[in-house]
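Novice: Here you go, one structure.
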Amino acid sequence: MKIVKRKLSELKNPEKNVRRHTPKQIDEFIRSIKMFGQIRPIVIDENDVILAGNGLHEALIKSGAEEADCYIASGLTENEKKKLMLADNRIFDLGVDDIDVFDQIIAELEGDLDIPGYDDDFLESLIMDDAETTEALSEYGRIDESDAERMRSAATTYDTAAEQRPAPTFEAPAASVSGEIPSTAPVPYSQPASANDGRPYVICPKCGERIWL
């Protein structure tokens, strides 16, 4: 395979590209370029149109590079060029990871987990021992103490206001067309007693119900 140098400004994106490159993917491409350099060529045709490597091309530009290693796939028909672009994307997707080997390699790195394409926290979770895993799970979903205190204060204020509010009464129904007044007497509204037994809770802003923490 003969590799040639091409200025990035001379390379052209195809009119139609099946693969869409997310900002996250481009950022990880850039991390890889800064760590390892360009490790595979951009595949182009005789007219410098990119057939494979559009994401790499974008990442190289954003990383400040001016030229790229390219491989010229010459002599292809227009249909063959389209099929090459489709095949390059699809064949890569057909691979699967061997999880056992993956875990072994992560363990062999001994904590050096700055790997383009992967989140550090995710990789660290793979090498936690039982005690570390238990501690991490115990912290999951825990509210910061300052936030919890503000919630408790708001709940106390809500309770105090509710207890001081006068209890409303319901008026008896008006007389019917026949002139008879139903025997139902006014029913006083009985305000529920405070259910605060010392446990912290917050008040749902929509329904007013307590949510115990």
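Novice: Determine if the stretch 22-39 includes at least one residue that is of a type outside the set (S, T, N, Q), over 27 Å from the mean Cα position of the chain (by Cα), surrounded by 15 or more Cβ atoms within 10 Å (Cβ to Cβ) and not assigned by TED's automatic domain parsing to the domain that holds Gly117.
Specialist: no
Novice: A further question follows. Those residues that are farther than 25 Å from Phe29 by Cβ, of a type outside the set (S, T, N, Q), at pLDDT below 90 and surrounded by 11 or more Cβ atoms within 10 Å (Cβ to Cβ), I need them from the stretch 94-134; list them, please.
Specialist: Ile127, Met128, Glu132
Novice: Pick out the one residue from Ile30, Ile26, Ile72, Ile91 that is aliphatic (A, V, I, L, M), modelled with pLDDT of 95 or more and more than 30 Å from Glu124 (Cβ to Cβ).
Specialist: Ile72
Novice: To continue, here is another question. Of the numbered conditions (1) closer than 23 Å to Lys34 by Cβ; (2) buried (at least 19 other Cβ atoms within 10 Å of the Cβ), Leu51 fails exactly one; give the number of that condition.
Specialist: Of (1) closer than 23 Å to Lys34 by Cβ; (2) buried (at least 19 other Cβ atoms within 10 Å of the Cβ), only one is false for Leu51: (1).
Novice: Just a yes or no: is a residue in the stretch 5-14 in contact with a strand residue (DSSP E or B) (Cβ under 7 Å, 6 or more places away or on another chain), assigned to a helix (DSSP H, G or I) and in contact (Cβ under 8 Å) with a residue 12 or more places away in the chain?
Specialist: Yes, the stretch 5-14 contains at least one residue that is in contact with a strand residue (DSSP E or B) (Cβ under 7 Å, 6 or more places away or on another chain), assigned to a helix (DSSP H, G or I) and in contact (Cβ under 8 Å) with a residue 12 or more places away in the chain.
Novice: Moving on. So, in the stretch 15-66, how many residues would count as being among the small types (Gly, Ala, Ser) and within 19 Å of Met1 (Cβ to Cβ)?
Specialist: 3
Novice: Show the residue pairs meeting these rules: Cβ distance below 7 Å; 6+ apart or different chains; first residue within the stretch 15-33 and on the phi < 0 side of the Ramachandran plot; second residue part of a loop (DSSP other than H, G, I, E, B).
Specialist: Short answer, once both residue conditions are applied: Glu28/Pro116; Glu28/Gly117; Ile30/Ser63; Arg31/Pro116; Ser32/Pro116; Ile33/Ser63.
The values are calculated or read from the model by the stated rules, or taken from the named source; none is laboratory data. All values reported here derive from a predicted model rather than from experimental measurement. We place every Cβ from the backbone using ideal geometry, glycine too, and count neighbours over all the protein chains shown.
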